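The structure appears right after this line, and notes come after that.
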Amino acid sequence: MNLNLTRPLAVIDLETTGTNIGTDRIVEICILKVYPDGKKEVKTHRVNPEIPIPAEVIAIHGISDEDIKDEPVFADLAHQLSQMLNGCDLCGYNALKFDIPLLAEEFLRAGTDFDLKGRRIVDVQNIFHKMEPRNLRAAYQFYCSKDLENAHSAEADTIATFEVLDAQVKKYENAEYNDTKSKTSYPIENDIGFLHTFSIYHKFCDLAGHLIFDDKGRETFNFGKYKGKPVEEVFKKEPSYYDWMMNAQFPNYTKKVITAIKLRGFNKGSAQMK
C-alpha cells in the first residue's frame, strides 16, 4: 500500500434512488475500511429506501424495487454503520458533493448524529479532475491499467476508488501543482491531511454547499439574496430568514448547521446583556 495513514480511512460509495441530497435515498452502500497497517475490511449492504426507484436510475445501477423490498431500511443499519465509521477519515469519488452529504441526511433521518468535526475527507474525483480530468472508469484505467468491471455496483466502485487513490499517491508524490490562476505551486504529499485540503474546492460548512466559509472563517450564504453575507449577521437582522430555511426543503444537515449558528448568536447576545 502506497498510502500513509495515521488512522483508519473509510472509503464510501452509494447507489441511490436519485441525485437529490435532500429527498433521495440509499439503495446500496459499501464501506471499505482501510487501517494504517494495511488491513482492509469491506461491508456492503442493500437498503430498502421506502420510496420507488425511478426506471432511469434502475437502468444505471441495475437495482430494482423488487431487489430491495425485503432488505433492511437505513434506520436498521444506522448504528452498525456509525460504529464502522467511528474514528475514520472519509474518502470517496465525488464524495464531497454527493455521497457524504446524502449519507449524512440518512443518518439524521434515522436519529443518528453524523459529526464531521475532526474528520478529514478526501475526494478522489477532485484530485483526479485537478490532475487528469476524466471519470472513475477512465481513472481506473489511467492509474491502475485495469478495466472497471461491474461499474455502478457499490462494491466494485468502492474498491476501484481506493485503488485509484492508492495509485494517485504513488504517481503524484512530490509532483508540482499549479492552481487555476497559476499563482501557486506545491508538491503533492502522501498525507491524508494534505489530500483532504487538496481535494476540496470550497470550504463548505454544510456539505450541500449552501453555506461556505469566507476568507475570515465566517459562515456565509452561498445562494440567494444574501449570498456572500455572514449567516450570523443575517439571522440577527432578519430572524425570519432562519425560520424560512427551517421550513423549506433544505437538507437536514444544513438545518443542523444553521441552528448551531443561530444558537451561537443567541448565546453571544445573552452574554452581552449580563
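Put a plus charge on the Cβ of each Lys and Arg, a minus charge on the Cβ of each Asp and Glu, and nothing anywhere else: the dipole of the chain about its Cα centre is then about 1560 debye. Looking at segment 1-78, the trypsin sites (Lys or Arg not before Pro) that sit in a DSSP loop and have at most 13 other Cβ atoms within 10 Å of their own Cβ are LYS39, LYS69. Here segment 38-75 is scanned for amide nitrogen atoms under 17 Å from the site 7 Å beyond the Cα of GLN249 along Cα-to-Cβ, giving 51-54. Two tests apply to each whole DSSP H helix in the chain, Cα reach of 20 Å or more along its axis and mean Kyte-Doolittle hydropathy of at least 0.0, and none passes both.
Per-residue extension of 0.36 nm, minus the Cα-Cα distance of LYS203 and PHE266, leaves a gain of 20.2 nm for this segment.
Ignoring the sites themselves, the chain has its longest run without GluC sites (Glu not before Pro) in a DSSP loop having at most 12 other Cβ atoms within 10 Å at 150-274.
Where in segment 22-46 does the amide nitrogen come within less than 20 Å of the point 7 Å from the Cα of GLU66, taken along Cα to Cβ? Answer for segment 22-46: 27-28, 46. Would you please give the FRET efficiency between ASN4 and ASP113, computed as 1/(1 + (r/R0)^6) with r the Cβ-Cβ distance and R0 = 22 Å, to the nearest 0.05? The pair ASN4/ASP113 has a calculated efficiency of 0.15. Run the reach check for LYS227 against lysines, Cα to Cα strictly under 22 Å, same-chain hits fewer than 8 apart removed. What comes back? Those lysines meeting the cut-off are LYS97, LYS203, LYS216, LYS236, LYS237, LYS255, LYS256, LYS262.
The structure-derived value of Cα extents along the principal axes in Å appears in the list [x] 63, 52, 34; [y] 63, 61, 35; [z] 75, 48, 47 under the label [x].
Which of the listed residues, ILE26, THR6, GLY228, is farthest toward the dipole's positive end in the chain, when Lys, Arg count +1 and Asp, Glu count -1 at the beta-carbon? Ranked along the dipole, the leading option is GLY228. Of all aspartates and glutamates in the structure, the ones whose alpha carbon falls short of 20 Å from that of LYS229, not counting any fewer than 8 places away in one chain, are ASP206, ASP214, ASP215, GLU219, GLU238, ASP243. In order along segment 46-54, the Karplus-derived 3J(HN,Hα) couplings, from 6.51 cos²θ - 1.76 cosθ + 1.60 at θ = phi - 60°, round to 7, 9, 7, x, 6, 9, x, 9, x Hz, and Gly and Pro are given as x.
For segment 19-41, list residues with backbone N below 20 Å from a point placed 7 Å from the Cα of CYS144 toward its Cβ? Only 28-41 fall inside the zone, counting backbone N under 20 Å. For segment 140-243, a crude dipole built from +1 on the beta carbon of Lys and Arg and -1 on the beta carbon of Asp and Glu, taken about the Cα centre, is about 640 debye to the nearest 20. Of PHE250, PHE204, PHE223, the residue with the greatest mean-square motion in the GNM of the chain, using alpha carbon springs below 10 Å, is PHE223.
Only the coordinates and a few stated rules stand behind these numbers; no lab work does. Only a predicted model underlies this, so the values are computations on that prediction, with no experimental measurement involved. For neighbour counting, all protein chains shown are included, and Cβ atoms are generated from backbone atoms with ideal geometry for every residue, glycine included.
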